[in-house]
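A short worksheet on the structure shown next.
Computed from the coordinates by the stated procedures, all read-outs in this text should not be read as laboratory data. Everything numeric here is computed off the predicted structure, so don't read it as measured data. Heads up, the Cβs are rebuilt from the backbone with ideal geometry, glycines too, and the neighbour counts pull from every protein chain shown.
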Amino acid sequence: MVGYSRNDTMTRTQKLIAGCLSGVSTRFIVQPMDVIKLRAQLQKRPKKKAVVYRTARRIMLEEGWGAFYHGHMLGQMHSILAVSSQFYIYEIATQYASTKFDLPKKYWPIQHFICGLASGCVCTCLVIPLEVIRVRQMLVKDQYKSVWKGAQAVYRYGGIFAFYEGLSASLLQMGPQVGISFAVFTWCQPMILKHFFECPPEECHRNIGNKYKPQYLAIASSIAGSAAGFVSKSMTYPFDLAKRRLQIGSHKVDVDKFQTPSQSRSLTRCTKLTECIKISYRKEGFKGLFRGWTVTVYKAQITSVVAFTSYELICYAIREIST
C-alpha cells in the first residue's frame, strides 16, 4: 500500500528502487501525450476545433512519428527523479506523521494531503531545471539537442535563473496537485479493495504487507489512480498552463540556424504568473485558463494509473522476493 504501514517490511532503499522503476514505465507510456499537450497549451487561440487531433496530425505530417518522443531521454531522467522523489518523500512524511501524531482515522485524508503537498514541493524544486530543458526540447529539438547543449542554450538565452522559470507556478500547481492525488488515491483504493477477498496466507505473505492478490491490487490501484489524476489535475490546471508558458519566457526561436516546426514559431509566453493568468482570461475568457485541458487530463489519468499501479505491483514483488 502507498504510504507508511506498520507491518510493511520494505526498506527505504527498496521503495526508492520501486519509485525509479515506476518512473521509467510511466514516462515511456505518456511521452507522446505530453508532446501533444505541450503544443496544444502553447498555441495561440485556435480558429478551429479539435485542437488535440489537429496538433497530433500536424506533428506527424511535419516531423514524423519520432517527434512524439522528442526530449524522451531527458524526460526519462525527469520522470525517474520526479516519481521516485514523490513516493519516497511521501513515504517518509507519512511515517513521521503517523509515529509523531497518530491522528484519528477521520483526519487521515488531511494528513495524506499535507504529506503529498510536501512531497510535491520537494519534487518540483528538484526537477524544474530538467523540466525547462525538456519543454524546450519538445518544441525545437535541434535547438536543445542534448542535456548539455540544452542547458547551454537555456543559460545563453536567460542566465541561471532561466532554469527556474515557472517555479512559482510549479509550486502552486505541483504541491496541491500531488497532495490531492495522494489524498484521493489513499481514500479510494482501500474502499475499492474492501470489495475483494484478502489474499490467503498460502498464496502471499500477509505478514509482510501483502494483504491482497496482485490482480486485485492492480484493479483497485488503476481505478483509484484514474480518479486521483482527474481530480488533482482539474483542480490545479490553470497553474499548469501558466507554468508551461513561463518556462519558455526566455526562449528565442533561431530560424537562421535551426529548422523550427510551424507550431513552435508562434507561441504564447509570459514572464510573470499573474500576467499569464490575466492574458489567458482577457483573450479567451474562462475557457482560456483551461487550454489543452482535455489531453492534459487524459495524460494525467494515464500517468497516475501507470505510476500508482506499477509502484504498488513492484512493491508487492519486492516484498515477495525478499521473504
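Remarks
- In this structure, residue 105 and residue 321 have a Cβ-Cβ separation that, at R0 = 41 Å, corresponds to a calculated FRET efficiency of about 0.80.
- Note, ³J(HN,Hα) from phi for the range 158-170, Karplus 6.51, -1.76, 1.60, rounded to Hz, x at Gly and Pro: x, x, 5, 6, 5, 5, 10, 5, x, 4, 4, 5, 5
- Added length on full extension, which subtracts the Cα-Cα distance from 0.36 nm per residue, residue 168 to residue 29: 47.2 nm
- Linear extension gain, residue 5 paired with residue 194, 0.36 nm per residue minus alpha-carbon span: 66.3 nm
- Using a cut-off of 21 Å between Cα atoms, the listed pairs 106/299; 37/233; 106/194 include 106/299 as exceeding that distance.
- In the range 66-166, the trypsin sites (Lys or Arg not before Pro) that fall in loop regions by DSSP, at most 15 other Cβ within 10 Å: 145
- For the range 174-182, 3J(HN,Hα) per residue [Karplus equation, 6.51 cos²θ - 1.76 cosθ + 1.60, θ = phi - 60°, Hz, x = Gly/Pro]: 6, x, x, 4, 5, x, 5, 4, 5
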